[in-house]
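Have a look at the structure below before the remarks.
A short reminder: the numbers here are calculations on the coordinates, not readings from a lab. What you see is a predicted model; the values in this text were computed from it and never measured. Counting neighbours? That spans all protein chains shown, and the Cβs are built from the backbone with ideal geometry, glycine included.
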Amino acid sequence: MQENRQGVILVIVAMTIFSVQDVIIKFLSDDISLFQVLFCRSSIGAVLIAAYLKFSGQRLQFGSAYPLLSIFRGLLFFLGYSAFYFGQSKVPIANATVLFLISPFFITILSIFAFGSLVGYSRWITMIIGFSGVILIARPELGAFNPFYLFPIASAVMYSVSMIIAKITSEKDTVFQQILFMYMVTALLSGAMGLAIGDGGFDTAEFESIQFMTRAWNFDGLFINTGIVAISMIGTLAYLLLTTAYRISDPAKITPFEYSGLLASIVCGYLFWSDVPSTSEAIGMSLIVGSGMFLYYREHLRGQAVAAETPLR
């Protein structure tokens, strides 16, 4: 009981920190490149995690017993978070966050094919209700659909596949081993994008709608450099807190509290951009969160905790 309480507190703190990280990235999206953010976040994060393992006396491993799967997972991590942060730069931060939170639905569906998991009618109905919340938020009816909402959804799909791979590779690779490998792949890919388009050659009126990806890498100014370091440090801190929570607690009991990050995103969206969810958006958010929490509950009852063992960040 005590460990679960501590786990809940750590999860809430971690998700709040992740929300702060997302806010900083959204602010920086007007000044720097998305791939610059990913390169610095992954590189500095890898160094910080390596230092943590060294000073805590844990084994430092950079390789993987599943190199091809781990490389593919790193690619998914790179593409998934590129999609999320780009989408977040174009839509209210709370909307992007809650659309990413549909990933447990995809994880549950993928578990049928990957692990032969049994999914009953109640969980299918729950997921359909959750996906209806996506429709209320994205509003795909004629004249109202915002295509940038597809990016957080695509991120949720790629993240879900990534987490299925993580569950497979966890048989031989440690959690820190997995994240270090993933960070290194992301740093290499984002660095390659920097070499290819980081000079700003594609930052033209023709590509204005995707300027966050085509903008030249920029390290000028205290605000930018402080923001990059802050993103890397607090993002790594949040990850370590989340990992600790899952290590000391029952995952099925603490995972639903990851939805607390949505509340932090709503508050931050209001404070910094005066974003207030509409009635349909609020209903959609409630359907997604409610369905996700019920899904965790049903998985826990049936002993099939595929999604419930998987952190959402």
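Remarks
- Nearest-0.05 FRET efficiency for Phe55 and Lys172, computed from C-beta distance (R0 30 Å): 0.75
- Gained length - Thr244 relative to Arg5, 0.36 nm times residue gap less alpha-carbon distance: 84.8 nm
- A quarter of the convex hull surface defined by the alpha-carbon atoms of segment 62-110 gives 4.5 nm² as the mean projection.
- Fully extending the segment from Ile135 to Leu195, taken as 0.36 nm per residue of separation minus the present Cα-Cα distance, adds 17.8 nm.
- In order along segment 116-124, the Karplus-derived 3J(HN,Hα) couplings, from 6.51 cos²θ - 1.76 cosθ + 1.60 at θ = phi - 60°, round to x, 5, 8, 10, x, 5, 5, 6, 5 Hz, and Gly and Pro are given as x.
- Grouping the Cα pair distances of segment 1-146 into 5 Å bins from zero gives a pair-distance distribution of 2, 7, 10, 14, 17, 19, 17, 9, 4, 1, 0, 0 percent in increasing distance order.
- Projected label distance in nm at Tyr297 and Val229, using a 7 Å step from Cα toward the beta-carbon: 4.6 nm
- Sum of -39500 (n - 2.57) over DSSP H runs of 4+, divided by residues of the chain (222 nm, nearest 500): -24500 deg cm²/dmol
- For Lys167, the lysines whose Cα comes closer than 26 Å to its Cα, not counting residues fewer than 8 places off in the same chain, are Lys54, Lys253.
- The spread of Cα positions in segment 2-302, taken along each principal axis and listed from longest to shortest, comes to 55, 53, 35 Å.
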